[in-house]
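A.B. asks: Structure below; questions to follow.
Just so it is clear, none of the values below were taken in a lab; they were calculated from the coordinates. Note that the structure is a prediction, hence the values are computed from the model and not measured. Every residue, glycine among them, receives a Cβ derived from its backbone with ideal geometry; neighbour counts consider all protein chains shown.
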Amino acid sequence: MSNSYVSAGEVAATNNSDDVVKTLALGSSVAVIFLDKVQNLAGLLHATLPDSNINLRQEIDRPGTFVDTGIPKLIELMKAKGYKENGNLTIKLVGGASILHPQNMFNIGKRNILAIKNILHTYNLEVKAEDTGGSISRSVSVECGSGRVSITSSGRGIWEI
């Protein structure tokens, strides 16, 4: 089994059934997970902010930083690995918590989730499962072959969506 890590602002896709794609420390950031078990594909975006208009240079250098540029990049990478728009795609979300500002001063987590769902809607895609919000940090691993999505959080343990 081969592990690959997706850092904040990065996007990855694989068609190797032995691959496990992971991202760590999702606070207000959100992991957008694309799975196509029929074609044996998995993709993961670790988006930190909803809108690229705040930093156009970052949009070019690291499109995964933003929801509005990261989702199109994830779709592009999935297509490069063989994804065909055939209705076999399962989308899951993890993260979007309010960790640094429990009083929701900036609502970055909620804004990320809303932006993700709005952009997915423009592609006629919808989220099938999610573990979002709250005030806990999460890490997630995605097994390409099985499509298993495991979440870990200190103090809460391990669970799947």
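A.B. asks: Taking residue 110 as the anchor, which lysines have their alpha carbon closer than 16 Å to its alpha carbon, excluding any fewer than eight residues away along the same chain?
C.D. replies: Excluding near neighbours in sequence, the set is 92.
A.B. asks: Related question: About its Cα centre, what dipole magnitude does the chain give when the only charges are +1 on Lys and Arg Cβ and -1 on Asp and Glu Cβ, stated in debye to the nearest 20?
C.D. replies: The dipole of the chain has a size of about 180 debye.
A.B. asks: Right, here's the next one. Return the calculated 222 nm mean residue ellipticity for the chain, to the nearest 500 deg cm²/dmol, obtained by summing -39500 (n - 2.57) across DSSP H runs with n ≥ 4 and dividing by the residue count.
C.D. replies: Counting only the DSSP helices, I get -6500 deg cm²/dmol.
A.B. asks: At 0.36 nm per residue, and after removing the present C-alpha to C-alpha distance, how many nm does the segment from residue 16 to residue 51 gain when stretched out fully?
C.D. replies: Values: separation 35, 0.36 × 35 = 12.60 nm, distance 3.13 nm.
Working it through step by step, the gained length comes to 9.5 nm.
A.B. asks: Please arrange 136, 75 by counting, for each residue, the other beta carbons lying within 10 Å of its beta carbon, fewest first. Provide the component values of the computation, followed by the final result.
C.D. replies: On the way: 136 17, 75 22.
With the sparsest Cβ surroundings first, the list reads 136, 75.
A.B. asks: Over the range 2-160, what lengths in whole Å, largest first, do the semi-axes of the equivalent ellipsoid take, defined as the square roots of 5 times the eigenvalues of the alpha-carbon gyration tensor?
C.D. replies: 23, 19, 14
A.B. asks: Take the alpha carbon gyration tensor of the range 109-161, find the square roots of its eigenvalues, order them as a ≥ b ≥ c, and report rounded if a/c is under 1.5; if not, report prolate when a/b exceeds b/c, else oblate.
C.D. replies: Because a/c hits 1.5 or more and a/b fails to exceed b/c, the range 109-161 counts as oblate.
A.B. asks: Moving to a separate point now. Rounded to the nearest 5, what % of DSSP beta bridges with both residues in the range 2-160 are antiparallel?
C.D. replies: DSSP beta bridges in the range 2-160 are roughly 75 percent antiparallel.
A.B. asks: Roughly what would the spin-label model give for residue 123 and residue 38, points 7 Å off Cα along C-beta, in nm?
C.D. replies: Each label point lies 7 Å from its Cα, and together they span 1.7 nm.
A.B. asks: Moving to a separate point now. Could you give the longest part of the chain that holds none of the trypsin sites (Lys or Arg not before Pro) found in DSSP loops with at most 15 neighbouring Cβ atoms within 10 Å?
C.D. replies: Here the longest segment lacking exposed loop sites spans 38-83.
A.B. asks: Ok, one more. Using +1 at the C-beta of Lys and Arg and -1 at the C-beta of Asp and Glu, which of 144, 33, 14 has the Cα lying farthest in the positive direction of the dipole of the range 2-160?
C.D. replies: Most positive-ward Cα: 33.
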